[in-house]
Amino acid sequence: MPNDVLAPNPGHTSGPRAAVAAVLGPTNTGKTYLAIDRMLGHASGMIGFPLRLLARENYDKIVRLKGKGAVALITGEEKILPPNPRYFICTVESMPLDRRVAFLAVDEIQLAADVERGHIFTDRLLHARGDIETMFLGSDTIKPLIRRLVPKIDIVQRPRFSKLAYIGGKKLTRLPRRSAVVAFSVSEVYGIAELIRRHRGGAAVVMGALSPRTRNAQVALYQSGEVDYMVATDAIGMGLNMDVDHVGFASLSKFDGRGPRTLTAPEVAQIAGRAGRHMNDGTFGPTAEAAEFDPDIIARVENHEFPTLSFLYWRNASLRFLSTETLLADLKKMPDDPALTRPPPAEDQLVLEAMLRDHEVSALAKGPDRVRLLWDVAQVPDFRKVKPENHARAMDQVFRHLAQGEERLSQDWMARQVERIDRTDGDIHALMDRIAAIRTWTYVSHRPGWVENAVEWQEKTRSIEDRLSDALHEKLTHQFVDRRTAHLARRLRSDDLIRADVADDGGISVDGHKLGRLQGLKFAPERTGQKLADRAVINAANAALRPIVASRVAAIVAAPDVEFSLDDAACIVWSGEAIARLAPGPELLNPRIEIPTDDRLDAVLRLQVESRLNTWLAAHLDAVLGAMLKARAADVPGAVRGIVFQVSEGAGAVRREKVEAQLAALDEAGRGALAALGIRFGVDTVYFPALLKAAPIRLRALLWIAAHRDLTSPPPPAPGRVSVATEQGVPGDFYAAAGYRPIAGTAYRIDMLERFAATARKLARDGAKVLPPEHLSLLGISAEGAPAVLKALGFTASVGEAGIMMSFDIKRARRRREKRLTPVAINPDSPFAKLKSLSQ
């Protein structure tokens, strides 16, 4: 550093070797690190940062190096003052310039050209000095004006560590990972963040209106890798050091408080400079609806060549408080140096003028102390960003309390202002409004002498702001981040083994994020309808479930037969879950086992499961339908085998009329053989009585369901039911296969129907004309339902005054039987006749 002697700060006595320097260069040049390092080499120091967020971030860094007792934090809303601090980390507005320090620095000094805050930076440039060393950090664009205003300053150029390159426009959905998208309105930020959430898993959101705590939490969301994208306003352009590789501009114009205008090259560079930190190169370009950049701007940003500033904003800091008139006159004073220009009235001046339009306030503002107080109140920042008139109305109340009575804000009044803000309900906008409001009262509580129990109020307002900030962070994250998708995508990119947790109900989760359910051997993902989210779930399931599925297959293969069963949909159940289903096979009694297709179940595992289930099914059929299966395999004459085949085709029963001819052709030995096989010749049906118990009935129904997957089927009849109501649209064959005969909307179990038919025939043969009511209990039918059943069994029946009238014409029944036994004449020219002649 040179040994030039500069005019000392008022009240300071600079040493003969006091030096001042400007460290200038583009973003990512390590200027801040240099200033901190220089400061810590002195006995004392002070750095003014442009943002409260930056001040807090660097305060935390220095505390880690020097301890809390050595470092003070001073911002408008937060003060941490240990008894004897050596280093002061401040916002530029809050720098306590009456304190003498060996080292003093101001960051982002080029903001002296900012129309709203520039006069403060200019004042620091002209008057803030350290006793031994002073350093101004900023952009090259201010270099000529710094040389003019501080002639003996030493200029140190810092080159950017990495390159910044323009890569042209990219769609929002095609942006590379680790991208930041910059927009210039809240609605645009929200819209882009929502689009990125749907297509890329989520984005952190950063806006100037967020509290530092919320901004830090959102940045941490991005920095941790939980999301790969950030959507921000131009607040990202200053003070946020992140691992950004690409900056996309959703717009090339902004509203600057007066109207829309195109971004300047330095503004583009300030924002685009967030890409590429330290030695990592960065890129920038348009996205969304933004047009391509002007070639001149591209060249200037890439080469860090920008027009120098032609003036800085200056406002008179030597204010007189003799009266409000002299104060306003001093604020309007013009600078003497042509390199300086007076800005339009700043927010505090506009608020002051609005407050003075209140006659009561104007009347109270008499005398230097009251005028100074009025100016202090007018300088309370408008964090809510309302019109100056609206902010002035709130400040009017503050001034009245401070200018009258005890000249302090009462506890009750402060409590009322704060309590209405202390709520965490509402949407994002409501929470942002409350944070802005509570920041006002935090600032007020830090003003010396304005409130009783100042520390208590500072802690209370800070606690409320923290709660609101946390709630806002959660709202933003919930709305704009699909945490499951983002987390799964990050895990899939890593080399770590993904392990899945399986809940008792089959729920599959990875690191607490639910993926879906493993239903038997098939994974049912939780679908959102969003391509990226659903793909992340499937990919994570593929990685995590294969060992689980393999283990489940091993357990199925080793499981004993008692662990398998069939549900009412003819699906094979193991451990409470359907793992396969019966499907149509070559015949009713030989269904095929169908295992659901799943990417996590490979061909080898599928064959293992299929083999085990085929073994179980064969054993199950043999245990339940053994009588019929043994009959099918018995060594009996062909005529007997034919009848057995037809009975088995009907799953254990066939209407007698269909096999009457074959029965008539049997001799006594043949009939004996059928009886020995367990087949009974009923009046109406030929059947296996052993297959009319609960288990065989259920299995017979399930086999029919499996053979007719294209049809709608009801569940099997409940155990022990003699009759069941038939369902519309269900074929009668279903009930027949289960061992029931459907008659007039009700299906009756064939063995009980046979008993009823035999009883009725005996009564008819004995001359009975009326069916005694007690016989209805065999089928569980009413008197009104009996005639339909009797008619189906060949009776003539009706309900008369005497009861259920019935008659049975034995001769007519015999004629029908003989007709069934009469061979059908075959047309000699038919295909059947030709086939018969060929077979002879």
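Here is how the numbers come out for the structure above:
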read-out	value
Surface accessible to a 1.4 Å probe, per residue, for the residues of the chain, Å²	46
Net charge over other residues, Cβ less than 10 angstrom from the Cβ of LEU779 (K, R count +1; D, E count -1)	+2
Inter-label distance for ARG147 and HIS478, nm, one decimal - labels placed 7 Å from Cα along Cα-to-Cβ	5.7
Under 5 Å, built H, 5+ apart or other chain: amide partners of ALA165	GLY282, THR283, PHE284
For the range 332-377, Kirkwood radius (reciprocal of mean inverse C-alpha pair distance, Å)	12.1
Scaled radius of gyration (Cα, divided by 2.2 N^0.38 Å) that the range 569-623 gives	1.13
Per residue, the convex hull volume that the Cα atoms of the range 668-810 enclose (Å³)	124
Across LYS163/LYS475; LYS658/LYS791; LYS79/LYS366; LYS68/LYS385; LYS332/LYS460; LYS61/LYS387, pairs whose alpha-carbon gap is larger than 28 Å	LYS163/LYS475; LYS79/LYS366; LYS68/LYS385; LYS332/LYS460; LYS61/LYS387
Under Karplus coefficients 6.51, -1.76 and 1.60, residue-wise ³J(HN,Hα) of the range 553-564 in Hz, glycine/proline x	4, 4, 5, 5, 4, 8, 6, x, 4, 5, 8, 10
Extended-chain gain in nm, criterion 0.36 nm per residue less alpha-carbon gap, THR262 and LYS658	133.3 nm
Beta bridges by DSSP in the chain, antiparallel share as percent, to the nearest 5	50
Calculated P(r) tail over 15 Å for the range 416-493, as whole % of Cα pairs	60
Largest to smallest accessible area among LEU40, LEU793 [probe 1.4 Å]	LEU40, LEU793
Inter-site label distance for ALA70 and ASP98 at 7 Å from Cα along Cβ, in nm	2.8
Segments 571-578, 515-522 sorted - mean Cβ within 10 Å per residue, highest first	515-522, 571-578
Tail fraction, Cα-Cα pairs, the range 65-144, threshold 14 Å, whole percent	65
Cα convex hull of the range 314-402, projected area averaged across orientations, nm²	5.8
Listed residues THR341, THR528 arranged by accessible area, highest first, probe 1.4 Å	THR528, THR341
Euclidean distance of C-alpha centroids, the range 608-639 and the range 101-119, integer Å	93
Estimated 222 nm signal from helices in the chain, with DSSP H stretches of n ≥ 4 weighted -39500 (n - 2.57), rounded to 500	-13000 deg cm²/dmol
Sparsely packed chymotrypsin sites (Phe, Trp or Tyr not before Pro) within the range 401-468, loop by DSSP, other Cβ within 10 Å at most 12	none
Tail weight of P(r) past 20 Å, computed on alpha-carbon pairs of the range 77-196, percent	62
Net charge over other residues, Cβ less than 10 angstrom from the Cβ of GLU594 (K, R count +1; D, E count -1)	+2
Full-extension gain in nm, LEU629 to ALA430, via 0.36 nm per residue minus C-alpha separation	64.1 nm
Net dipole in debye of the chain [+1 Lys, Arg Cβ; -1 Asp, Glu Cβ; about Cα centre; nearest 20]	2540
Accessible surface of ASP336 - all protein chains present, 1.4 Å probe, nearest 10 Å²	150
Nearest-0.05 FRET efficiency for ALA665 and GLU610, computed from C-beta distance (R0 41 Å)	0.45
Residue order for HIS127, HIS446 - accessible surface, 1.4 angstrom probe, largest first	HIS127, HIS446
Cβ-derived FRET efficiency at R0 25 Å, ASN590 paired with ALA639, nearest 0.05	0.55
Solution diffusion estimate, µm²/s, Stokes-Einstein, the range 659-725, Kirkwood Rh from C-alpha pairs, 20 °C, viscosity 1.002 mPa s	151
Label-point separation, GLN646 to GLU289 (7 Å along Cα→Cβ), nm	8.0
Cα gyration tensor category, rounded, prolate or oblate, for the range 632-678 with a/c compared to 1.5	oblate
Amide H contacts of MET242 (H built 1.01 Å from N, under 5 Å, at least 5 apart or other chain)	none
Loop-resident sites, the range 384-416, for GluC sites (Glu not before Pro), counting at most 10 other Cβ within 10 Å (DSSP)	GLU406
Percent accessible area from carbon and sulfur atoms, the chain, protein chains only, probe 1.4 Å	51
Trypsin sites (Lys or Arg not before Pro) within the range 389-441: DSSP coil, no more than 11 neighbouring Cβ in 10 Å	ARG420
Local net charge near ALA354, Cβ-Cβ under 10 Å (Lys/Arg +1, Asp/Glu -1)	-1
Residues with amide H under 5 Å from that of ALA105, placed H, sequence gap 5 or more	MET46, ILE47, GLY48, MET135
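The values are calculated or read from the model by the stated rules, or taken from the named source; none is laboratory data. Since we're looking at a predicted model, the values are computed, not measured. Virtual Cβ from ideal backbone geometry, glycine too; neighbours counted across all protein chains shown. Each accessible area value is taken on the protein alone, full model and side chains, heavy atoms only, with ligands, DNA and RNA left out. Shrake-Rupley method; radii C 1.70, N 1.55, O 1.52, S 1.80 Å.
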